[in-house]
Amino acid sequence: MVFHWAAAILDFWLASWRGARAWLGRPARVRRLWRALPGDLLGILVMRGCGIARPTREVESGDVTAVLVEDPRVGRWFDTQLMPVTAQTLGRYVFARGRIPADILAHECEHIRQWERFGPFYLAMYFGSSALALLRGREAYWANHFEAAARSRAVRETSKTKTRLKP
Ligand SMILES: [Zn+2]
């Protein structure tokens with residue numbers, strides 16, 4: 001009996017080690033997932049808090065995977081915020097009251113990259129950027145560095161799509 005358990009534990013340990021080694025073989029991926037983690041946890045929390053059991057769909061967009069939560073109940077969360085919100089990204093989770101159009105998704109995917117880049121520091125940096133804008137007498141949302149980056153990325157990607165659609 002003891003041997004049986006010891007063998008089971010050893011098997012489990014070897015399997016986990018193999019799994020861990022496969023992961024560690026891709027450090028960039030581990031790092032990115034780790035960094036997205038605080039945002040993902042917030043995303044899951046907000047999703048469940050709105051009474052939504054699971055995301056609507058996942059979209060691969062170049063180097064990122066967006067987990068979309070497209071549900072009118074997301075409004076419960078959006079309504080608590082200071083300004084009107086169309087879509088919002090927490091980690092890899094993108095929230096909207098309904099189906100997210102491509103240009104907005106391109107914008108939100110840049111926020112996913114920002115979450116992956118700055119991880120646990122991202123929210124502080126985001127609000128810090130808005131605070132700096134306000135101190136300079138500019139608009140907190142439009143002059144926010146991360147919003148400006150997301151806007152220009154969306155413009156670039158949307159124009160790329162248009163070019164591709166030309167005959
Ligand atoms: Zn944005």
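A few remarks follow.
- Counting the residues of region 107-139 that are under 12 Å from the mean Cα position of the chain (by Cα) and closer than 17 Å to Arg151 by Cα gives 9.
- Number of residues in region 95-104 that are away from the ligand (no atom under 16 Å from the Cβ) and hydrophobic (A, V, I, L, M, F, W, C): the value is 0.
- Residue in region 45-52 that is modelled with pLDDT of 95 or more, open to solvent by 30 Å² or more (accessible area, probe 1.4 Å), touching a Ser or Thr at 6+ places or on another chain (Cβ under 9 Å) and among the basic types (Lys, Arg) present: no
- For Glu147, the requirement of being crowded, with 18+ Cβ neighbours inside 10 Å, more than 12 Å from the chain's Cα centre (by Cα) and at pLDDT 95 or above is met.
- Residue that is modelled with the lowest pLDDT [pool: residues in region 78-94 that are farther than 16 Å from Ala36 by Cα, open to solvent by less than 60 Å² (accessible area, probe 1.4 Å) and within 12 Å of the ligand (Cβ to nearest atom)]: Val85
The values are calculated or read from the model by the stated rules, or taken from the named source; none is laboratory data. As the structure is a prediction and not an experimental result, all values here were calculated from the model. Cβ coordinates were reconstructed from backbone atoms using ideal geometry, including for glycine residues, and neighbour counts include every protein chain displayed. Please note that ligands, DNA and RNA were not included when accessible areas were found on the heavy atoms of the full protein model with its side chains. Shrake-Rupley method; radii C 1.70, N 1.55, O 1.52, S 1.80 Å.
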